[in-house]
Amino acid sequence: MALPAKYNAQTTEEKWYNYWMNNNYFHSEIDDREPYTIVIPPPNVTGVLHMGHMLNNTIQDILIRRARLLGKNACWVPGTDHASIATEAKVVAKLKAEGINKEDLTREEFLKHAWEWTHKHGGIILEQLKKLGASCDWQRTKFTMDPEMSASVIKVFVDLYNKGFIYRGYRMVNWDPQAKTTLSDEEVIYKEQQGNLYYINYKIADSDKTLTIATTRPETILGDTAICINPNDERFRHLKGKRAIVPICNREIPIIEDEYVDVDFGTGCLKVTPAHDENDKMLGDKHNLEVIDIFNDDATLNSFGLHYEGKDRFTVRKEIVEELKQNGVLEKIESHLNKIGTSERTGAVIEPKLSDQWFLKMKDLAQPALDAVLNKEVNLVPEKFVNTYRHWMENVRDWNVSRQLWWGQQIPAYFYGDGKEDFVVAETIEEALKLAQEKTNNKNLTTTDLNQDPDALDTWFSSWLWPISVFNGILEPNNPEINYYYPTNDLVTAPEILFFWVARMIIAGYEYRGEKPFTNVYLTGIVRDKQRRKMSKSLGNSPDPIELMNKYGADGVRVGMLLSSPAGNDLMFDEDLCKQGSGFVNKIWNAYRLINGWTVSKTKQATETDKIAIQWYQNKFQKALAEIDDYFNKYRISDALMTSYKLLWDDFCSWFLEMVKPPFGEPIAQETFTNVIAILENNLKVLHPFIPFITEEIWQHIKTRDANEALIIASMPQKTAFDNKLIKEFEFASQVISGIRTIRKEKNISFKNAINLSVINIENASTQFDTVIKKLGNIDELTYTKEKLEGALTFRVKSNEYFVPVSGAINVEEEITKLEEELKYTEGFLKSVQGKLKNERFVNNAPENVVANERKKEADAQSKIKILKARIKGLR
RNA sequence: GGGCGCAUAGCUCAGUUGGUUCAGAGCACUUGGUUUACACCCAAGGGGUCGGGGGUUCGAAUCCCUCUGCGCCCACCA
């Protein structure tokens, strides 16, 4: 059947994706085979595909398709994350645009809007992944707020509370004044910012003296409840036991002493604001200081802000500096570089704030997860992340799991009174009531007396269960699915979420399954542009993946993504790489067009060239297969692709096909053709994980197979031993062919003109590739001789000398110069080898085989020099 | 401030436990080639003091020290 000259990626890719889907090839069910499981890092439900997803999911699809071809029961579970803060922010913004304030809605009303939004915009990203070719088991698609997923989260919260791991604490937390919620430490991004250090004079009570403090946040002086000095600081001995007066509000505060204060920083006097700084809180607790919170939830000042009440903190900073200046208490302003925390989601500057929140004790839970990585039950790839992981786990801090949001799992804590301890934790309100009745000894308590904590749980508190909950392993810990598919095999994700997610999944795995959640964690790099900038929406430097796939085909983009992304290293994305990818697809297409165009003869015998070519390629293929296998074991996917790429392009197309290609107009022997097809099929299998569409297209086009089996579910070629000697001999022959080509080029001898070739075979090179040399070099007669051929062009491969007799004079001077250059090089080489051998310490200390090798090199060089000298002499 | 990592060709990167004249790949570049699959092609080439300096060793891109320049993670200096 004739093939179109141009491969149409668009229509072909859509065709085969539908075919795979219709035949249910992505779906996995429990059977006798060994399972191979990957759970997708669930993207935000309302997100759209970006280049990071492309890289990530390309790798996952390669792994899953390869496992499928290797005969495993491959199961790739897809799904999405409710992304509480990000999604809620989007919904709030959308409502605002419609003139609706979240504050004016009830929780139920707001959630209705949120679900509408989710249903409208959710899952787009999963559809986009299909275009990439992702062979996920879509029947298993999960969402972190599916009923049983949420129920798992609630069950785990209650369980951890009952085990004493979860507690409620009044603590300094990271407050995002824009989203009006707390954040975990990991959600705070520190940025360097050029700010100022303000020096402010405080009056000392009952004295006309002052003291000067330095602060970066002058607006917080209204919340000051002490001044702290170092007890060892001689300069401030006179301040001991005194009191100071806060400017503007004229409040009298104590001067306390603590060695925490750095004598060398600022003025050595520290103002203490326990409500708005973690260290100040520590000092406050230690010295029993009053706590004055001066901010509202949106970081405007409250009534403690006096005449600044209602104004934003940054506005107040400017205005208060003015006022201090006018009052003459502003000593000076210095420029100061400091780090400020910002919200990962909203970008707002974080305000440390004291509030009641829920925390998870991490220390004990983290231990098995730390051990698992250290003793390699769980492998991090690349390994350098082990150190980072260990450091974090050894210093892990308690996890603030509550968020002042509505979108997410509501915390199953029920309050029945105003006291700090007047609450119970239970999976349902009925159970809560029972517990509350017991706790209060009040049988008259009803559900209307119970108020559920309005806060929702951190998104990561649901996603840390992902590898378990997608198989319903929390609610039904003994169901067959979880027992079969868990632990999963590989996790492919970005290093940015190593702590957010990966570490916590390992923790949850050990706590709830007593077992690791996955064996290998492959951490991909960050996708950057050519200027090394991280690709992001705000910079506008990220190409649209869908457009890329429209332009280069999904196969082309997959290859493009991989061509330069070793694990853990950032990937400098360059659209040209996709072009190279589609070029590769085109190359395969054309190779098949060639083969498909041959006429096959049942009577014609396979030629000697055919036979040796097939024998060589089969060995070469096995060698490549072993290499590819090794690369996959090391998660060096790009290298595995490059090996497959060169195998197809160089070995298969440039060498093999050229060898077996029948002369123009002639048919190919049936036997040879059958072998060519088998070899092509093996290549398609190897390439399928990388470029699934073009390979399936060609596979399906070949009509010679027995069963109507799809490539996606075929079996990888069996690995066998290979003859490395044969491969080496071919390399030698290919160098002879290169030599002929060079001569042709230098002397302007067209390939169409056949030439003769004579050889003095000192290396005793094998003759089995002679017909190949004749065919690819267009050699008429290939003869072996003992005598050099005068007046012929010459070249050498190792120590063999090749002669091409030509009519017309050769340039003797040119020949001599060439020979002399080679002689000089060889003599230099010999000298360096002999230098080594003359060195007694080398001969005595180096291993025997190394010395023997040097001796062989010496002998080879000596004989080569002899030949070269004779040759030069002959020419003169 | 603490910890980890990187520096090899114009670009992106390989280079196992020191041992072939070990300096390599892909892309890019130069030159030549198209009636017979592919110019998204074929062939032949050029190109690096392995960041600087010192040391260990018979021998260093590889091990040690140091300097320089980057990157990442963690951390409560107002």
| Which one of the conditions (1) more than 24 Å from A:Trp399 (Cβ to Cβ); (2) without any contact (Cβ under 8 Å) to a residue 60 or more places away in the chain; (3) buried (at least 18 other Cβ atoms within 10 Å of the Cβ) does A:Ala432 fail to meet, given that it meets all the rest? | (1)
| message | Condition first: within 15 Å of A:Met505 (Cα to Cα), under 24 Å from the mean Cα position of the chain (by Cα) and either of a type in the set (Phe, Trp, Tyr) or surrounded by fewer than 17 Cβ atoms within 10 Å (Cβ to Cβ) (or both). Now tell me which residues in the stretch A:340-378 satisfy that. | response | A:Asp371, A:Glu377
| request: For A:Ser734, work out the one condition from (1) within 30 Å of A:Phe690 (Cβ to Cβ); (2) hydroxyl-bearing (Ser, Thr, Tyr); (3) more than 16 Å from RNA strand B (Cβ to nearest atom); (4) surrounded by 15 or more Cβ atoms within 10 Å (Cβ to Cβ) it doesn't fulfil. | output: (3)
| query | Which condition number does A:Gln326 fail, the rest of (1) within 30 Å of A:Thr267 (Cβ to Cβ); (2) in contact with a strand residue (DSSP E or B) (Cβ under 9 Å, 6 or more places away or on another chain) being met? | reply | (2)
| Mind checking whether some residue in the stretch A:88-104 is within 24 Å of the chain's Cα centre (by Cα) and surrounded by 15 or more Cβ atoms within 10 Å (Cβ to Cβ)? | no
| request: For the stretch A:439-449, indicate whether the set of residues that are of a type in the set (A, V, I, L, M, F, W, C) and free of Cβ contacts under 8 Å to residues at least 24 places away in the same chain is non-empty. | output: no
| remark: Selection over the stretch A:247-286 where residues are buried (at least 21 other Cβ atoms within 10 Å of the Cβ) and assigned to a loop (DSSP other than H, G, I, E, B) yields a count of 6
| note | A:His336 meets each of (1) modelled with pLDDT of 90 or more; (2) over 36 Å from the mean Cα position of the chain (by Cα) with one exception, condition (1)
| query | When the residues of the stretch A:775-793 are filtered to those that are surrounded by 11 or more Cβ atoms within 10 Å (Cβ to Cβ) and touching a residue at least 40 places away in the same chain (Cβ under 8 Å), which remaining residue is farthest from the chain's Cα centre (by Cα)? | reply | A:Lys788
| request: Could you figure out which of (1) touching a residue at least 60 places away in the same chain (Cβ under 8 Å); (2) more than 13 Å from RNA strand B (Cβ to nearest atom); (3) closer than 30 Å to A:Glu608 by Cβ; (4) of a type outside the set (Gly, Ala, Ser) isn't true of A:Ile816? | output: (3)
| note | When A:Val424 is run through (1) within 30 Å of A:Phe265 (Cβ to Cβ); (2) part of a strand (DSSP E or B), the failure sits at (1)
| task | Would you mind stating whether A:Lys719 is modelled with pLDDT under 95 and either within 20 Å of A:Asp629 (Cβ to Cβ) or β-branched (Val, Ile, Thr) (or both)? | result | yes
| message | For the stretch A:542-550, check the following and say yes or no: at least one residue is near RNA strand B (Cβ under 9 Å from one of its atoms), in contact (Cβ under 8 Å) with a residue 40 or more places away in the chain and over 28 Å from A:Pro663 (Cβ atoms). | response | no
| Taking the stretch A:469-495 on its own, how many of its residues are of a type in the set (Phe, Trp, Tyr) and not in a helix (DSSP H, G or I)? | 2
| query | Can you pull out the residues in the stretch A:240-279 that are within 13 Å of RNA strand B (Cβ to nearest atom) and polar (S, T, N, Q)? | reply | A:Thr267, A:Thr273, A:Asn279
| remark: A:Tyr617 fails exactly one of (1) away from RNA strand B (no atom under 12 Å from the Cβ); (2) part of a loop (DSSP other than H, G, I, E, B); (3) closer than 24 Å to A:Ile691 by Cβ, namely (2)
| query | Quick check: anything in the stretch A:453-468 in a loop (DSSP other than H, G, I, E, B) and of a type in the set (Phe, Trp, Tyr)? | reply | yes
| said: List pairs: first residue in the stretch A:325-350 and over 14 Å from A:Gln194 (Cα atoms) and acidic (Asp, Glu), second residue within 15 Å of RNA strand B (Cβ to nearest atom) and outside any strand (DSSP E or B) anywhere in the structure, Cβ distance under 9 angstrom, at least six positions apart or on different chains. | reply: A:Glu331/A:Thr267; A:Glu344/A:Glu186; A:Glu344/A:Glu187
| field | Residue within the stretch A:225-234 that is touching a residue at least 40 places away in the same chain (Cβ under 8 Å), buried (at least 22 other Cβ atoms within 10 Å of the Cβ) and not in a strand (DSSP E or B) present | value | yes
| If you go through the stretch A:632-662, how many residues are closer than 18 Å to A:Asn619 by Cα, within 8 Å of RNA strand B (Cβ to nearest atom) and of a type outside the set (Phe, Trp, Tyr)? | 6
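Quick grid of which residues meet (1) among the hydrophobic types (A, V, I, L, M, F, W, C); (2) closer than 30 Å to A:Phe304 by Cα:
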position	(1), (2)
A:Gly347	no, yes
A:Lys353	no, yes
A:Asp371	no, no
A:Glu383	no, no
A:Val396	yes, no
A:Pro412	no, no
A:Tyr416	no, no
| Does the stretch A:737-760 hold any residues that are within 12 Å of RNA strand B (Cβ to nearest atom) and among the hydrophobic types (A, V, I, L, M, F, W, C), and which are they? | A:Ile737, A:Ile740, A:Ile743, A:Ile749, A:Phe751
| Quick one: which of A:Thr704, A:Thr742 is exposed (fewer than 15 other Cβ atoms within 10 Å of the Cβ), in contact with a Ser or Thr (Cβ under 9 Å, 6 or more places away or on another chain), modelled with pLDDT under 95 and polar (S, T, N, Q)? | A:Thr704
| query | Looking at the stretch A:1-22, which of its residues are basic (Lys, Arg) and over 18 Å from A:Ala710 (Cβ atoms)? | reply | A:Lys6
| said: Among the residues of the stretch A:847-857, are any of a type in the set (D, E, K, R), under 20 Å from A:Lys798 (Cβ atoms), surrounded by 13 or more Cβ atoms within 10 Å (Cβ to Cβ) and near RNA strand B (Cβ under 9 Å from one of its atoms)? | reply: yes
| task | Kindly establish whether A:Val843 is at pLDDT 80 or above, near RNA strand B (Cβ under 10 Å from one of its atoms), assigned to a helix (DSSP H, G or I) and touching a Leu at 6+ places or on another chain (Cβ under 7 Å). | result | yes
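The values are calculated or read from the model by the stated rules, or taken from the named source; none is laboratory data. Keep in mind the model is a prediction, meaning the values are calculated, not measured. Every residue, glycine as well, gets a Cβ built from its backbone with ideal geometry; the counts of neighbours run over all protein chains shown.
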